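A.B. asks: Once you've had a glance at the structure underneath, I'll fire off some questions.
The values are calculated or read from the model by the stated rules, or taken from the named source; none is laboratory data. None of the values given here were measured: they were computed from a predicted structure. Positions of Cβ are generated from backbone atoms using ideal geometry, with glycine treated the same way; all protein chains shown enter the neighbour counts. When the accessible area is computed, the model is the full protein with side chains, heavy atoms only, and any ligands, DNA or RNA have been set aside. Shrake-Rupley method; radii C 1.70, N 1.55, O 1.52, S 1.80 Å.
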Amino acid sequence: MQKEAKQARQQGKKTEEKSTAMSKRDIYLVAVVIVVGVAVFATLAMLLSKPGVPFSTFKSNFYAAPKSAIVVVFRNQSEFISESACYPLLREAIHKNLSSVSLFLINASNSTCLFSPNVTPMTIVYKPASYCLSIASSEPSIFLNYSSINASIVTAYRLTILGNAEYMQQCPIAVDMS
């Protein structure tokens with residue numbers, strides 16, 4: 001009887017060792033899958049937010065999205081007047097349902113935002129700039145910023161336009177988006 005009990009204990013130890021070995025191997029495989037998954041996700045996130053993607057990539061993402069935004073950022077009245085020549089042209093040039101394109105007017109000097117949550121009926125709402133930026137950051141957006149230099153920064157889901165008064169008056173981005 002002792003011999004049978006000893007064999008049973010040895011058999012139990014062997015089964016336990018196999019179970020432990022199997023668990024370690026499973027844990028290793030799961031860890032490898034997680035590491036690879038995180039690496040792929042991080043790479044995609046970096047590529048989608050990285051400046052320098054083709055304009056066509058941004059434009060395609062902008063038109064494919066159910067909602068998008070135009071964000072006008074200004075620090076004073078003269079900047080707003082310059083930018084106000086461009087954003088209506090841009091909005092008209094966009095070949096989307098205008099109700100799916102939000103317009104945010106952000107006063108950077110006092111961190112406020114003016115927008116209408118609905119196109120019809122239009123209701124003007126004042127919110128903190130951070131509120132509007134959080135919405136605009138969650139969808140493809142075009143940012144208009146007054147600047148003494150003319151430049152653009154293109155990512156997969158965000159287009160930032162820096163332009164002086166002459167650029168804003170001509171508003172070439174409206175032609176590019178049409």
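A.B. asks: If I take R0 = 22 Å and measure r between the Cβ atoms of Asn76 and Ser111 in this structure, what FRET efficiency does the formula 1/(1 + (r/R0)^6) give, to the nearest 0.05?
C.D. replies: Working: r = 14 Å, r/R0 = 0.63.
E(calc), rounded to 0.05, equals 0.95.
A.B. asks: Using 1/(1 + (r/R0)^6) with R0 = 22 angstrom and r between the beta carbons of Leu162 and Ala65, what's the FRET efficiency to the nearest 0.05?
C.D. replies: 0.45
A.B. asks: Now for a different question. Please give me the summed charge of the neighbours of Ala69: other residues whose Cβ is under 14 Å from its Cβ, Lys and Arg +1, Asp and Glu -1.
C.D. replies: Here the charged neighbours net out to +4.
A.B. asks: Within a Cβ distance under 13 Å of Ala174, other residues only, what is the Lys/Arg minus Asp/Glu net charge?
C.D. replies: Result for the neighbourhood of Ala174: -1.
A.B. asks: Could you state how much accessible area Ser138 has, in square angstrom rounded to the nearest 10, with a 1.4 Å probe and all protein chains kept in place?
C.D. replies: 90
A.B. asks: For region 73-178, just list the percent of Cα-Cα distances falling in each 5 Å bin from zero outward, please.
C.D. replies: P(r) over region 73-178, rounded to whole percents: 2, 12, 22, 27, 23, 12, 2, 0.
A.B. asks: I want the local charge near Glu139. Using Cβ-Cβ distances under 13 Å, sum +1 for each Lys or Arg and -1 for each Asp or Glu among the other residues.
C.D. replies: Net local charge, Glu139 excluded: +3.
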